[in-house]
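Any read-out appearing in this document is the output of simple, stated calculations on the displayed coordinates, not a laboratory observation. Just so it is clear, the structure is predicted and the values come from calculations on it, not from any experiment. A quick note on method: Cβ atoms are made from the backbone with ideal geometry, for glycine too, and the neighbour counts reach across all protein chains shown.
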Amino acid sequence: MKQRKGPTGQGKILLRLLKMLFAAYPVLLPVTVCCIVFSAVTATMPAIFQQQVIAQIEIWYQSGDWTAASQVILPKIAVLAGLYVISLLTITAETQLMATITQGFLNKMRCAMFKKMQDLPISYFDTHKHGDIMSHYTNDIDTLRQLISQAFPTLIRASIIVVSVTCIMLYYSIWMTLVVLLGVCFMIFVTRKIGGGSAKYFMRQQAAIGKTEGFIQEMMNGQKVIKVFCHEEECQKDFDQINEELFQDSFRANAFANCLGPLIQNIGNILYVIIATVGGILLIAQVPNLSLGALAAGSLTVLTIDIVIPFLNMTKQFTGNVNQLSQQMNSIVMGLAGAGRIFRLMDEQPETDEGYVTLVNCKAGENDEIVECEEFTGWWAWRHPHHDGTLTYTLLEGDIRLHEVDFGYVPGKNVLHDVSVYAEPGDKVAFVGATGAGKTTITNLINRFYDIEDGKIRFDGININKIKKSDLRRSLGLVLQETNLFTGTVMDNIRYGKLEATDEACIKAARLAGAHDFITRLPKGYDTMLTNNGANLSQGQRQLIAIARAAVADPPVMIMDEATSSIDTRTEAIVQKGMDKLMEGRSTFVIAHRLSTVMNSDVIMVLDHGRIIERGSHDQLIAAGGVYCQLYTGAFELE
Amino acid sequence: MIKRLLSSVGEYKKPTILTFFFMVGEAVIECLIPFITAELVNRIKAGAEIRFILFTGLCLALMAITSLCFGGLAGYTSAKASAGFAKNLRREVFSRIQTYTFENIDKFSSSSLVTRLTTDITNIQMSYMMVIRTAVRSPLMLVFSVIMAYLMGGKLAGAFVFTIPFLTFGLLMVSRKAMPAFRRVFRKYDRLNESIEENVRGMRVVKGFAREDYEKEKFERAAGDICTDFTKAERIVAFNTPLMQICLYFTMIFVLTVGSQTVISSMGLDLDVGQISAMLTYGMQILMSLMMLSMIYVMLTMSAESMKRIHEVLVEEPALRNPEEPVMEVADGSIDFEGVNFKYAQTAEQYALSNVELHIDSGMTVGIIGGTGSSKTTLVQLIPRLYDATTGCVKVGGVDVRNYDIKSLRNSVAMVLQKNQLFSGTIKDNLRWGNEQATDAQLEEACRLAQAHEFVSTFPEGYDTYIEQGGSNVSGGQKQRLCIARALLKKPRILILDDSTSAVDTKTDALIRKGFREFIPETTKIIIAQRIASVEEADLIVVMEGGAISDAGTHDQLMERCEIYQDIYRQQTKGGKDQ
């Protein structure tokens, strides 16, 4: 049962892969396959001609008459040469086409995966390790390359040769063919045994590499801590142990793989000897030959030397190809596994978007009504088509209302209970609470990284489920605690917030965010290249750039999730002043640990275990003497 | 470079040499097999007696089994040698990194070190295995086959005069053309993968700004570019097969034409049919060995990049050295900065620290406060000699830090880093970093002092709670307190907290400081903080600005005369609204 399940699953993967290959190259692929088939067939033919030439030499060599012999031999060699030329042409065409197809297909896969990934919901990234996602692009693509560029052509070619050689062999002698096939069965058996062992250890090696990598990663990241504690020797000890395990697995895996080649090859050699001996015995014993050729002719002949010798060569060719096939076993198993993982990513459910309310530029019409327009006016409106065919426009103001919202990341385990928040345009709403109280979750819901379970969220009076996701998110500026910058200049990174922003606009945003000063002090100012998530900047500086990035988008609603946590309070005050100016008349959501960051908010919500337990302004909350007051006076810990 | 790397083979020299030995054995037998095979065929043809045929057959079978044994053993030893080489190399690189100072670590990014320790070493392992398996075998097979071909074929071997140089030249040309193309495209490919990683990590930003389509376009362009380059490079390499085939076919035709003429003209005296067959076999073997040699060449050039990167790590000299006659004992916790200037890189234009003059008495509590980028961290990192001052000197206990044994110094100066880290393992394991021999009671005591005991004891498994990688299962504040406890276990003379209580609430923060005052009064405590409250009661508060000490004094003094300090104070106590 177990064995049955494997092949069908893999068969499906293989079929799908082939379908995709065909879809990608509907012309080139068949041409290439034809080339492979052709070159495989032409590879078997020369052996026959070669044999004929040698047979002719045997006939003529006693005569010593080359002129006469050449009349017979040279045309045969000419045909052989002709076959060689054709074979060369097809092989050249095949290898060139294969290179194009392999790389082209890998590229298509890579792009398809990346595009698919962009459409996946945030929950996918929250529930999958980044290393695992990355390995689709590195390891899995790599195994796929092996599979397509080497295993497939070898598979096609070798099978064709094996089939055609079998036919020819059957034509010559059934008995001896049976001996060869018996030997091949043994070879296949060995391949499965050893190949299976090797595959097992390769998987183990893979796991050991993963483990080592994890350990090394942790140690390299913590290298400075190790230094400070002079803990080098202990780490070395741990490392040695893991290293030893990796050595054992890697050693075994490679030893198995290395043994397979000589094993198959020498079984081939022994098979050759057996055939030769059996042939010799049959010859001497004058056993009648049973062959398809003879059956067709309707007469049984005695086995002759002319049959035994070519048979030996064919045995060699046969086993040589079985050997090649066995060498590809690993590639095939690993390649299909890689393809399976890639397909799993491709089959992930993408983020759905049934939103139909879109964001458009607008201006005031003659009667103060909202008129949609193409050009940038600094005003936006929600374009809301209704079922009855009418169209209404609502001015984008940034009024956000959460009404009795329930939500859980895992069904049945709610992290938000009955949360209601009203933010009118111009309001600054702050969330305070322990880790896991649900602060970040609320922001995840507003921009629909996750969808609510129960309740309603309205944006300017429109249910956010009706708003097209990209438009919804464009209207929300987002600054997160964990800053992610992209490789590129500082200017590029700020411009990410609004691709069509001019340099001046970006600089203006940087000034607002309080980032301008330090940027100008960088070696190349705004043209300084940032790599590795801005590793050459401090955490605080990165946050300032992230704020500038959000500021340049000039959004009606801003969400700042611990956005200033690594910025000192003096700089923070500057940033806050800038942001308050920018967000005048618009709404801001602030999540912060430092109470000094949230103190001047219009309303502060204290969250506890997914419920809002207190709400009010700083002064009101202090006066109320509740949890917030305790927090403020330091009588209570935020964790 | 190669010599340096090969020195890591170490105890795996034996399997390496054995591999050579087995490979020679296998090669010799493999070269002999066609010879005997020809004999067998001849006997069958001549209609020899069955026992002769059986005998030759048995010989051949024995040879095949011997060859199998040699081949299998070589496979075993070569796997052992290469995996062992990789193990040693990995160990050596890892231990080299352990000797690195902060300056060295800054130079290599941690992700690049991870790649070097994994992918690069695996590459080297693979090429090493390939080389030891074929480096002896292929040339040997080549020489042996050429000799046999001459012995058996005489004139016919003339074919190889053309094919060997032709193929060698052709293969070299292909690899030389393909190599640079591959190197270029691999670099691009790495960058592409980095940008994918960036995208995965920053997915919230991408989605938050609705930039999915922009990213797709950007990726498609970059990937398309790489695809073009890859295809070009692969297509050059793809010429290897036809090249090989041309030579093979040429040899066949040559041998058959000239051979048949010779055999027939001389009536089989100069050459017989068996020899022709053998020639064809040897021709194949010669060309195969050439092919293998060219593959080694390709493999080596491919892994050259990896070797270079490993070598870089191995020859990187630790920036700090232990002095000749180190001072092993730190007398007390006093600290002096005398005319200290510091920059991170020799080439940097600006000093990160300039003209620092500061004296701290043993047992003092010192607060350091200042804006982002004011070099607070830089200042304290000079105390446990994580970096050396560019000019001037830093003294601990009256002795220049450069004169101490580094380990003794760092054991006396405990530092809780800003970007701190717990390691996967139990809480106990983590705490014992501070003191290997610490008893459970000592652990608890340190945790009480760091205000960590209370929450640790609420965990179901207490001190045996397993901390996940990166400490993801404890909160920021808890992590910080555990890190402080870990540092306390060292019983240091000087304790440095670099913004280590930022995620701890004010009340606990105060309790920690109170504990310090009461239980470790003789320890010098340096506290970098953003909150005034954290440093308010310090004996000395240092205000830093732009890499220099702007002012130093007690809270009251600074409130009177230091504008920056007043600013910060106002900011934190009143809140923004009243401004």
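Calculate how steeply helix A:152-172 sits against the longest principal axis of the alpha-carbon atoms of chain A, using the helix alpha-carbon long axis, and give the answer as 0 to 90 degrees to the nearest 10. Helix A:152-172 and the main axis of chain A meet at about 20 degrees. In whole angstrom, the stretch A:2-341 maps to an equivalent ellipsoid with semi-axes of 51, 25, 19, each derived as √(5λ) from the alpha carbon gyration tensor and ordered largest first.
Scalar couplings 3J(HN,Hα) for the stretch B:214-229, obtained by applying the Karplus form with A = 6.51, B = -1.76, C = 1.60 to θ = phi - 60°, are 4, 5, 4, 4, 4, 5, 4, 4, 4, 5, x, 4, 5, 4, 4, 5 Hz; x denotes Gly and Pro.
In this simple spin-label model, placing a label point 7 Å from the Cα along the Cα-to-Cβ direction at both A:L181 and A:I59 gives a separation of 3.2 nm. Expressed as a fraction of 2.2 N^0.38 Å, the C-alpha radius of gyration for the stretch B:335-573 is 1.02. Show which aspartates and glutamates lie in cross-link reach of B:K507 when reach means a straight Cα distance below 13 angstrom and same-chain residues fewer than eight apart are skipped. Counting by Cα, and skipping residues close in sequence, B:K507 has these aspartates and glutamates nearby: A:E637, A:E639. Taken about its Cα centre, the stretch A:94-236 carries a charge dipole of about 440 debye when Lys and Arg each add +1 at the Cβ and Asp and Glu each add -1 at the Cβ.
Look at A:H417, B:H453 and count the other Cβ atoms within 10 Å of each Cβ; fewest to most, that gives A:H417, B:H453. Rounded to the nearest angstrom and listed largest first, the equivalent-ellipsoid semi-axes of the stretch B:156-226 from its Cα gyration tensor are 48, 10, 7. Computed from the C-alpha gyration tensor, the three semi-axes of the ellipsoid equivalent to the stretch A:1-113 are 46, 19, 8 Å, from longest to shortest.
Distances between placed amide hydrogens fall under 5 Å for B:T365 paired with B:K525, B:D539, B:L540, all partners being 5 or more residues away or on another chain. In chain B, the longest principal axis of the Cα atoms and the axis of helix B:240-265 are about 20 degrees apart.
Less than 5 angstrom separates the built amide H of A:Y409 from those of A:V415, all sequence-distant by 5 or more or on a different chain. About its Cα centre, chain A has a charge dipole of approximately 2580 debye under the convention of +1 per Lys or Arg Cβ and -1 per Asp or Glu Cβ, with nothing else charged.
3J(HN,Hα) couplings calculated from phi for the stretch A:420-426 with the Karplus curve 6.51 cos²θ - 1.76 cosθ + 1.60 (θ = phi - 60°) are, in sequence order, 10, 9, 10, 10, 8, x, x Hz; Gly and Pro show x. Ranked for footprinting exposure by Cβ neighbours inside 10 Å, fewest first, B:R221, A:R110, A:R145 give B:R221, A:R145, A:R110.
Based on Cα atoms of the stretch A:135-238, Rg over Rh with Rh as the Kirkwood radius reads 1.31.
With a Förster radius of 51 Å applied to the beta-carbon distance between B:I253 and A:D353, the computed FRET efficiency rounds to 0.15.
Sorting A:Y137, A:Y409, B:Y569 from the fewest to the most surrounding beta carbons within 10 angstrom yields A:Y409, B:Y569, A:Y137. With the biggest extent put first, the Cα atoms of the stretch A:418-505 measure 44, 31, 25 Å across the principal axes.
Backbone phi angles across the stretch A:449-458, fed through the Karplus curve with coefficients 6.51, -1.76 and 1.60 (θ = phi - 60°), yield HN-Hα couplings of 5, 10, 9, 6, 8, 8, x, 9, 10, 10 Hz in residue order; Gly and Pro are listed as x. Taking +1 at the Cβ of each Lys and Arg and -1 at the Cβ of each Asp and Glu, which of A:L295, B:T66, B:A352 sits farthest along the dipole of the protein assembly as shown towards its positive end, judged by Cα position relative to the Cα centre? Toward the positive end, the furthest listed residue is A:L295. Fully extending the segment from B:A348 to B:D567 would add 75.7 nm, taking 0.36 nm per residue of separation and subtracting the current Cα-Cα distance. Using 1/(1 + (r/R0)^6) with R0 = 45 angstrom and r between the beta carbons of A:E244 and B:F459, what's the FRET efficiency to the nearest 0.05? Computed FRET efficiency for A:E244 and B:F459 comes out at 0.85. Judged by the gyration tensor of its Cα atoms, with axes a ≥ b ≥ c, the stretch B:192-234 is oblate; a/c meets the 1.5 cut and b/c is at least as large as a/b. Just check the stretch A:199-353 against the gyration tensor rule for me: Cα atoms, a ≥ b ≥ c as the square roots of the eigenvalues, rounded for a/c under 1.5, and otherwise prolate or oblate depending on whether a/b exceeds b/c. Judged from the Cα gyration tensor, the stretch A:199-353 comes out oblate (a/c at least 1.5, b/c at or above a/b). What's the center-to-center distance, using Cα atoms, between the stretch B:188-238 and the stretch A:530-588 in Å? Comparing the Cα centres of the stretch B:188-238 and the stretch A:530-588, I get a distance of 28 Å. Our estimate of slack between B:L54 and B:Y297, defined as 0.36 nm per intervening residue step minus the Cα-Cα distance, is 83.2 nm. Our Cα-only numbers for the protein assembly as shown put the radius of gyration and Dmax at 38.2, 124 Å. Modelled label positions at A:D451 and A:V287, each set 7 Å beyond Cα in the direction of Cβ, lie 7.3 nm from each other. Cβ-Cβ distance of A:D132 and B:K177, R₀ of 35 Å, FRET efficiency by 1/(1 + (r/R0)^6): the value works out to about 0.40.
Extending 7 Å from the Cα toward the beta-carbon at both A:M45 and A:D580 defines two label points whose distance is 8.8 nm. Using the Cβ of B:I33 as centre and a radius below 12 Å, the other residues enclosed give a net charge of -2, where K and R count +1 and D and E count -1. Using 0.36 nm per residue and subtracting the Cα-Cα separation, the extra length available between B:D106 and B:I36 on full extension is 18.8 nm. Considering only B:T122, B:N430, B:T241, the residue lying farthest towards the positive end of the dipole of chain B is B:T241, judged by Cα position with unit charges set on Cβ.
Close Lys pairs in the stretch A:111-213, defined as Cα atoms under 21 Å apart and 8 or more places apart or on different chains, number 4. Restricting attention to the stretch A:476-581, which trypsin sites (Lys or Arg not before Pro) occupy a DSSP loop and are surrounded by at most 16 other Cβ atoms within 10 Å? Hits after loop and neighbour filter: A:K524.
With the dipole of the protein assembly as shown worked out from charges on the C-beta (+1 for Lys and Arg, -1 for Asp and Glu) around the Cα centre, which of B:N88, A:Y632, A:I494 lies farthest toward the positive end? Of the listed residues, the answer is B:N88. In chain B, helices alone account for a calculated mean residue ellipticity at 222 nm of -20500 deg cm²/dmol, with every DSSP H run of four or more residues adding -39,500 (n - 2.57). In this Cβ point-charge picture (+1 for Lys and Arg, -1 for Asp and Glu), the stretch A:2-341 has a dipole of about 1040 debye about its Cα centre.
Please compare each pair in B:K491/B:K525; A:K524/A:K581; A:K524/B:K218 to a cut-off of 20 Å on the Cα-Cα distance and tell me which ones are over it. Among B:K491/B:K525; A:K524/A:K581; A:K524/B:K218, the Cα-Cα distance tops 20 Å for A:K524/A:K581; A:K524/B:K218. Amide H contacts of A:H593: none lie under 5 Å away among residues 5 or more positions distant or on a separate chain (H built 1.01 Å from N in the peptide plane; Pro and chain starts excluded). So the label point goes 7 Å from the Cα of B:K514 along Cα→C-beta, right? Which residues of the stretch B:358-374 then have their backbone N under 19 Å from it? Taking a point 7 Å out along Cα→Cβ of B:K514, the residues of the stretch B:358-374 whose backbone N falls under 19 Å are B:365.
Take the alpha-carbon centre of the stretch A:225-249, take the same for the stretch B:467-546, and report the distance between them in whole Å. Cα centres, the stretch A:225-249 to the stretch B:467-546: 29 Å. Taking the Cα centroid of the stretch B:64-129 and of the stretch B:282-341, what is the distance between the two, rounded to the nearest whole Å? The distance from the Cα centre of the stretch B:64-129 to that of the stretch B:282-341 comes to 13 Å.
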